[in-house]
1. Can you tell me which residues in segment 30-76 are in a loop (DSSP other than H, G, I, E, B) and either touching a helix residue (DSSP H, G or I) at 6+ places or on another chain (Cβ under 7 Å) or not β-branched (Val, Ile, Thr) (or both)?
2. Could you check, for segment 89-98, whether at least one of its residues is in contact with a strand residue (DSSP E or B) (Cβ under 9 Å, 6 or more places away or on another chain) and assigned to a strand (DSSP E or B)?
3. Give me the residue from segment 1-19 that is within 13 Å of Gln93 (Cβ to Cβ) and in contact with a helix residue (DSSP H, G or I) (Cβ under 9 Å, 6 or more places away or on another chain) and, out of that set, surrounded by the fewest Cβ atoms within 10 Å (Cβ to Cβ).
4. In the list Val64, Val68, which residue meets the criterion of being within 16 Å of Gly19 (Cα to Cα), touching a strand residue (DSSP E or B) at 6+ places or on another chain (Cβ under 7 Å) and at pLDDT 95 or above?
5. Could you pull out the residue among Ile34, Ile48, Ile22, Ile27 that is surrounded by 13 or more Cβ atoms within 10 Å (Cβ to Cβ) and over 14 Å from the mean Cα position of the chain (by Cα)?
6. If Ile27 satisfies all but one of (1) of a type outside the set (D, E, K, R); (2) without any contact (Cβ under 8 Å) to a residue 24 or more places away in the chain; (3) assigned to a helix (DSSP H, G or I), what's the number of the condition it fails?
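The values are calculated or read from the model by the stated rules, or taken from the named source; none is laboratory data. What you see is a predicted model, and the numbers here were worked out from it, not measured in a lab. We place every Cβ from the backbone using ideal geometry, glycine too, and count neighbours over all the protein chains shown.
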Amino acid sequence: MSSSLRRFEILLPIRFNDGQPIPDSLIADTLEEIEQQFSAVSSESQLIHGRWRSEGQSYRDELVRVFVDVPDTPASLEFFTAYKQQLKTRFRQLEIWMISYPVEAI
């Protein structure tokens, strides 16, 4: 495989900040949108437990990991930069943890 790839990973909450469960349809919509854009998407059914602090307050999250390997292009980065803002609104979050790093497919 000769083209450069970049993996984007997104941690999506399974509960809104008020503790109410997030409908499965919101996660399904997210997976569908990424698949439509890049022809692939993966997610894990394993629950990720997160803890973090902000301004002296401790928070706990329960999350699912969504990831996709895409061409390492400015267009891919632009898509995910804008998409992150949509996800923050969709999941009613102050922040959505999203990372990217180069990958090499063998």
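1. Ser39, Ala40, Val41, Glu44, Ser45, Gln46, Leu47, Glu55, Gly56, Asp72
2. Scanning segment 89-98, I find at least one residue that is in contact with a strand residue (DSSP E or B) (Cβ under 9 Å, 6 or more places away or on another chain) and assigned to a strand (DSSP E or B), so the answer is yes.
3. Ile14
4. From the options Val64, Val68, the qualifying one is Val64.
5. Of Ile34, Ile48, Ile22, Ile27, the one residue that is surrounded by 13 or more Cβ atoms within 10 Å (Cβ to Cβ) and over 14 Å from the mean Cα position of the chain (by Cα) is Ile22.
6. All conditions pass for Ile27, except number (2).
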